[in-house]
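Have a look at the structure below, then the notes.
The values are calculated or read from the model by the stated rules, or taken from the named source; none is laboratory data. None of the values given here were measured: they were computed from a predicted structure. We place every Cβ from the backbone using ideal geometry, glycine too, and count neighbours over all the protein chains shown. We work out accessible area using only protein heavy atoms, side chains counted, and drop any ligands, DNA or RNA first. Shrake-Rupley method; radii C 1.70, N 1.55, O 1.52, S 1.80 Å.
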Amino acid sequence: NNLMKGLPLLSLLTWMCAVYFVGIYLFVSGFLLVRLEVNRTSTCGDVLEPGEEPVDFCRVQPRFRRVVLLIIDALKIDFARFDPSNTTPRQFENKLPVLEETVSSWPSHSRLYPFRADPPTTTMQRIKGFTTGSLPTFVDVGNNFASSAILEDNLIHQFGQVGKRVVFMGDDTWESLFPKKFYRSLPFPSFNVKDLHTVDNGILQHLYTTMVGNDWDVLVAHFLGVDHCGHRFGPDHPAMADKLTQMDGVIRSVIDRLQNDTLLVVMGDHGMTDTGDHGGESQKETDAAIFLYSPVPLFLGSMSQSEPDVVPQTDLVPTLALLLGVPIPYSSVGQILLPLFPPHGQTEGAVGGLSQLEALWINAKQVNRFLETYSSMAKDIPPDSLSQLKDEFSRLSSEYLTTVREGQLPSPELAASLQAYLTSVRDTCRATWARFNPFKMGAGLAILAFACLMCFILSELSTVLIGQNGPGMKALVVMGLTVVVTVAAGQLLIQGYVEVAWCLAAAAFSSELHFLWRAHRSRMSAVAKNGSKAPKWVSWLTPRRLLIPPLLVPLLRCASLLSDSYVIAEGRVVTFLVFSLALYIPIHLNWNGLLLPPSHDPLKSAGLLPSSALSPSTVRKESSTLLACLGLLISSLYLSLSFHSCREEQGSCQPSPFISPLSRLQDSQLKNLHYILSVVSLAIWTYLLRRCLRHYGNLNSSSGTVFTARWILPLLSVCLGLHWAVSATPEDSFRNLTELISLAQLALPRAAFCLLGLGLFLIWLDPLTVFVKTKTGASARSSLPPRYRASTGISPQAELHHLIPQIYQRMCRSLDDGELSVGSEVDGRPAVEAYGLGTVYSAPLLLFCGLLGIGLLLLHPEGMALSFLLLLLEMGFCTLLIYSHLVLPSGGFNVPWTPIVLWSLAATQFFHATGHLPTFPSIQWGAAFVGFPDGHIGTILPGSLVTLNTFAAQIMFAVGCPLLLFWPLVCEVRGSRGGKAFREEGEDAVMEMRLRENPQQFSSALLQLSTRYLFIHGAQVFASVCAAAILRRHLMVWKVFAPKLMFEASGFLVSSMSVLIGVTLVLRVDQAVGCWFKRLIPDISR
């Protein structure tokens, strides 16, 4: 069978990826654990106050009857402060004067504090934090766009329990967190970050009329304009000044309408970085503002020494609960904001309400109750910390109760001790909830370690395993399924439920062990066949083979992932490694005497040593090409550094101006320059792709792929250029054309998506770029190859095998004028010419990558077009460099480690050069709205668009990975020219048709290439996993190592899927070539 063994190859790769996925899943499920939620609720009957008989806590008259909660999303403390001495404020400064005016005019009625959020600073986590009073965990970030209802006890539930009517308006996240909990609800869609006004204007239509009415007790209004303005334009933009000025007016209007029994709380849920993003734990992201105001005196006077510098967000929960006379939610670990309660013995002035000591006591008793319940359910709080806290509480409890019973004046230390107790409980909980499951982490590490070993073995034994018809894929699958069923049955019998993670782990382990046993057996059988001497492919586990420079570079890269400073500077580190490896190639060639023309050697002329295959002039020409490519590769690496983004830890770093969308730029000349650069880059990208295909004669046929290259590729580029022009237009510049512009913003990217889909589908459907035409014998006779007539006794397969070299003699000589012709002319009958057969595999793959690149560029800011062009050039220079490094062996087509390592490092390098970072705030959420400016209904489509945007570099390099196998074959014509004449058989220059001469070697080379590429990326995932496991108590674990692990694992997931797509496309082309030859042979040999 002359078709490749496609199924064993694909199934082996799929199984390899699946094993990696199981290892990653198991480790992550042990590393990113969600804390246990206590599903109990506080009630009015809870005995929290001292006294013998239970008192209905909710019947006591509260300090306030009603509260207005204005949440201005992303209101950072810098926005709220007012500095009268600042004469040239930036766009976000001094725009909320109402807060400072009120605090200075009415010091006993109002306060402004920094309001510190716990990371992660995403909106859903923050709403959970300031309604439940509990601390979030890292893994909750993923739920931010698929908010699930809060099941823990919370303020909204408590207000409902005591019959308070909660009216909500604003961000629809609340509706999914608190379904059916509101007396009245007016939610507005929140996910479209480009929309600055819908939510805010919707609130303002109802806010004042609701306040004047009497059918509410708690009014929650969540404004989103400031947050969306930050995401879209950044904080330092005129749109932000307008938004903050609008909010200033809102706060003034609300203050004017407040009644004496109502408390006003204005707060931000998180801050934002200088680029307008949030999600991480930098101080700019965690420090929001909180402003408290009441028409009646709320504080004892102006700010005093005892006031807090910063208010943690969790503290809002017990404070609001006690001021409004509802029980504190059960799981809250917050402590009351003390200045809002009068000191002991001074409660006469305040109508109803608790003194500081009473409030602290109720708070401490509630926290102690939660601690006891939690520690009985989960055993993760260290026993010594737990007993220490319990002892401290019992001491404080007896001291407080004695004071109350005997009617003494409490000592001033008692309040301070209660506060210290509450703080230590919160700190203990915070330390505990970064807890891990060591068994799952260990199992995940072991599976990943074995997966890396297997990947390495598979790449070295690819020839043997493909030759033996795969390492018994059926046996691997059967074994895996048997183990899954056995483990699941065992779990059901012993614990009564099935834990999927352990079933998958068992299946992965068993199949890994089975594979290693099979590999060992094939080695032993090879040793037996060859006597005591082990064959060449068994000697690869020696240190001398493993510690070669191309493998030392990824080893250094993996080691660097254990250092936070290297992870922070990863973009530059990887660029340096790519540069080093590129430099190694000419040095290595020179070391082996292949870079310069050989000097005259008397031994060679005497015939004692084999003479060089290439003439000195050819060597000189190839070397100068190589050095030119190296120079261009280094320049593109250097240029790509100017597209990097900045991490918050890199203090002095300035992010690339190309990362911002054109709509953010205020300088119109700069905007035009960026636009022209982007369009020129896009035009060069399109031109280079078509030029390359035309050069190798791949644009002559009428196939779907050629149609895509001729029409769909330029059309897609035009769509993209127009889309950039439309999206860069300021909203207020063409008022008469507003509708047309909004239509174009919708239609152009969608048209581009459709063209992209159609192009990729046509390449898949009809991948051949070969043009066949018949010539009359007279015109063709002069340049025909030696005549070849198949004898009738030869089978079509054997005939095909001999035909290929004959076909190619003519093709190689006419490469310059683009005419690749093959012929078999007998007695003046028509000869056959085929154009583009030499690059039949690489042409559709190259076009597929080019088209995909434009599609991925559509999801990036316009300025990234130049970076994408550099990516294409770098791919080209890499392949040219790699070609010079290869000497085609007569035996097979194996691709050495150097090009594969260079290719995989380039993928990581371009992840950074497209403005991405392994941090959550750097995710470019705007990609979700390309073609969908009005937002989405579900989360799958926006999630997919953001994933494609984030891992664009990994996708491009992984899909294009098989080019590393084809390129040396394409280049062999160049290498032969100027040397000796072709041999009679024409075996020297059949280009990619060599691969069809030996399909088994083709298959094993493709398997080897794919597994080596997966091995490099898998090793990086393993290193990230090790870093997260070893450094799990490190200061930087949640800031650096955990996000890096998540990005590395997701990148591997995307890369492995893309490798499978690339390999499948090659198999599809191979199948089409087989069908083409079957149609052609009868015509030739008829």
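Cross-linked pairs LYS95/LYS128; LYS95/LYS284; LYS243/LYS284: Cα-Cα separations exceed 23 Å for LYS95/LYS128.
Distance between the pseudo-spin-label points of HIS197 and SER387 (7 Å out from Cα toward the beta carbon): 6.6 nm.
In sequence order, region 940-953 has phi-based couplings of 5, 5, x, x, 5, 5, 5, 5, 4, 5, 5, 10, 4, 5 Hz under the Karplus curve 6.51 cos²θ - 1.76 cosθ + 1.60, θ = phi - 60°, and Gly or Pro positions carry x.
Given axes a ≥ b ≥ c from the Cα gyration tensor, I'd like to know whether region 231-297 is rounded (a/c under 1.5), prolate (a/b larger than b/c) or oblate. In terms of gyration-tensor shape, oblate.
Look at the dipole of region 335-428 built from charges on Cβ: of GLY407, SER387, SER375, the Cα furthest out on the positive end belongs to SER375. Computed in the context of the full set of protein chains, the accessible area of region 658-716 at 1.4 Å probe radius has 64% of its extent on carbon or sulfur.
Solvent exposure of region 344-445, expressed per residue, is 48 Å² of accessible area, with all protein chains present and a 1.4 angstrom probe. 3J(HN,Hα) couplings calculated from phi for region 560-570 with the Karplus curve 6.51 cos²θ - 1.76 cosθ + 1.60 (θ = phi - 60°) are, in sequence order, 5, 6, 8, 10, 5, 5, 6, 5, 4, 9, 4 Hz; Gly and Pro show x. For region 171-265, the gyration tensor built on C-alpha atoms gives an oblate shape. Its axis ratio a/c (a ≥ b ≥ c) is at least 1.5, and a/b is not larger than b/c.
When a/c is below 1.5 the answer is rounded, else prolate if a/b is larger than b/c, else oblate, so apply that to region 215-261 with a ≥ b ≥ c taken from the square roots of the Cα gyration tensor eigenvalues. Oblate, since a/c reaches 1.5 and b/c is not below a/b. Taking amide H positions as modeled 1.01 Å from N, with prolines and chain starts lacking one, the residues under 5 Å from SER331 and 5 or more places away or on another chain are ASP153. Taking the Cα centre of region 335-428 as origin and assigning +1 to Lys and Arg Cβ atoms and -1 to Asp and Glu Cβ atoms, the resulting dipole is close to 200 debye. Taking only the Cα atoms of region 335-428, the ratio Rg/Rh comes out at 1.01, with Rh defined as the Kirkwood radius. Accessible surface of region 335-428, 1.4 Å probe: 54 percent of it comes from carbon and sulfur atoms. Here the Debye sum runs over all C-alpha atoms of region 82-226 as equal scatterers in vacuum, and log10 of I(q)/I(0) at q = 0.08, 0.19, 0.21 Å⁻¹ comes out as -0.28, -1.33, -1.38.
Protein heavy-atom accessible surface, 1.4 Å probe, per residue over region 148-254: 35 Å².
For region 68-78, 3J(HN,Hα) computed residue by residue from phi via the Karplus equation (6.51, -1.76, 1.60; θ = phi - 60°) reads 10, 10, 9, 9, 9, 4, 6, 7, 6, 4, 4 Hz, glycine and proline entered as x. Peptides 694-701, 671-678, 585-592 ranked from most to least packed, by the mean per-residue count of other Cβ atoms within 10 Å: 694-701, 671-678, 585-592.
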